[in-house]
1. Which count do you get for residues in region 76-91 that are over 19 Å from Ile185 (Cα atoms), among the hydroxyl-bearing types (Ser, Thr, Tyr) and surrounded by 15 or more Cβ atoms within 10 Å (Cβ to Cβ)?
2. Does region 273-295 hold any residues that are open to solvent by less than 60 Å² (accessible area, probe 1.4 Å) and closer than 20 Å to Asp252 by Cβ, and which are they?
3. Among the residues of region 238-258, what is the count of those that are open to solvent by 30 Å² or more (accessible area, probe 1.4 Å), more than 22 Å from Glu280 (Cα to Cα) and not in a strand (DSSP E or B)?
4. Looking at (1) more than 15 Å from Ile251 (Cα to Cα); (2) of a type outside the set (Ser, Thr, Tyr); (3) open to solvent by 30 Å² or more (accessible area, probe 1.4 Å), which is the only condition Ile298 fails?
5. Would you kindly identify the strands (runs of 3 or more DSSP E) lying entirely within region 16-95 that contain at least 1 residues that are closer than 30 Å to Leu134 by Cα?
6. Pairs under 7 Å by beta carbon, first residue open to solvent by 10 Å² or more (accessible area, probe 1.4 Å) in region 143-157, partner aromatic (Phe, Trp, Tyr), six or more apart or different chains?
Amino acid sequence: MSHIALQDIAKSFGPVRVLDGCSVAVNKGTVMTLLGPSGCGKTTLLRTLAGFVEPDGGRVVVGGRDITDLPPNRRQVGYVFQSYALFPHLDVAANVAYGLRVRRVGQAETQARVRKALDLVSLSAFADRYPARLSGGQQQRVAIARALVLEPEVLLLDEPFNALDAKLRLSMQIELRKLIERVGITSIFVTHDQQEAMTLSDRVAVMRAGRIEQVGAPIDIYDRPRTAYVAAFIGRANVLPIDIRGGRVAIDPAIAAARADGAAWLVVRPENLAIENAGEGPGWHGTVAFATPQGATIEYEIAISLAEPLRVVALRKVGEPPAAVGSPVRVRAIDPAACVVLEEGPDGV
């Protein structure tokens, strides 16, 4: 049985439909990420679970209990805001203790729980510092401790890494994942960053225009996207128009297609393609339009008879220069099983 169930959640702000029948289940102790571009409804869905937004329809169930009509202070939910929302006039210990004081928890218990929460986030030595004297990563950990000190059933995090630089962001993603595993708390995380979703999540719900497009383990969604939108949003993907003949992709018969013959779309990741010398044979024929060395790999753009170039990522061999721009080449799928055939392409075409 799932620990959290959002059932057919709907919400409009005026004439704008922000959530349109969103349903997702989260098992106890797992991390679910709501992933999507700005404006897709992911933060509104998170705030609905927290009780900050009242849905127009649907139910919010936590631990088998319907909490749809409960106010936020009666839900066992901890919320980490995007801006951290720390009180600048309170030191770290007082910031963490704030929610307990509002709930009139006794002083001795408050002090014990604050110490425990600061130990969890490795900030015990910073208890008497003020937010202005903390780094971005330390401020984030204070915000997490302030949520955990309330001993919630669920931890909600709304894009908590936005204010961090790239190096610190990756470090904090890993530290947060370790912390969640230590505590064993069911967590829902909101982001528009696919890499964060892949790093942090047990499961990902990809959102688009107020609806949930696909739910699954990050690697499963990456390998087997159900729509061109999901394929393009999770990682980089080539989405190519194709014809199917006799259960095979006409341009590369090694790629099987469990679809009726006719027009379709092929999703293939850049790393699942290989560049070969031009000549006869299955695959896409074109010329090298651009080559970008990226350390261990080289990313190519291959001009073919389509509006968009074909993107290929190849391992770089020591001492071997990239293929020259303008060179005729043939591109084929390394592993036909890694290719996904879809009935619909971008924008439902």
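1. 1
2. Leu273, Ala274, Ile275, Glu276, Ala278, Gly279, Gly281, Gly283, Trp284, Gly286, Thr287, Val288
3. 1
4. Among (1) more than 15 Å from Ile251 (Cα to Cα); (2) of a type outside the set (Ser, Thr, Tyr); (3) open to solvent by 30 Å² or more (accessible area, probe 1.4 Å), the lone unmet condition for Ile298 is (3).
5. Passing ranges, in order: 31-35, 77-80.
6. Cβ pairs passing all conditions: Arg146/Tyr98.
Conditions tested, residue by residue: (1) small (Gly, Ala, Ser); (2) without any contact (Cβ under 8 Å) to a residue 40 or more places away in the chain; (3) under 23 Å from Glu159 (Cα atoms).
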| residue | (1), (2), (3) |
| --- | --- |
| Ala5 | yes, no, yes |
| Ala10 | yes, no, yes |
| Val18 | no, no, yes |
| Cys22 | no, no, yes |
| Thr30 | no, no, yes |
| Thr44 | no, yes, yes |
| Val53 | no, no, yes |
| Thr68 | no, yes, no |
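Residues are listed down the side, and each one gets a yes or a no for (1) open to solvent by 40 Å² or more (accessible area, probe 1.4 Å); (2) among the β-branched types (Val, Ile, Thr); (3) within 31 Å of the chain's Cα centre (by Cα); (4) not assigned by TED's automatic domain parsing to the domain that holds Asp8:
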residue	(1), (2), (3), (4)
Arg74	yes, no, yes, no
Ala93	no, no, no, no
Val96	no, yes, yes, no
Arg103	yes, no, no, no
Thr110	no, yes, no, no
Leu123	no, no, yes, no
Tyr130	yes, no, no, no
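The values are calculated or read from the model by the stated rules, or taken from the named source; none is laboratory data. Predicted model only: the values in this text are computed from it and were never measured. Every residue, glycine as well, gets a Cβ built from its backbone with ideal geometry; the counts of neighbours run over all protein chains shown. For accessibility, only protein heavy atoms count, side chains too; no ligands or nucleic acids. Shrake-Rupley method; radii C 1.70, N 1.55, O 1.52, S 1.80 Å.
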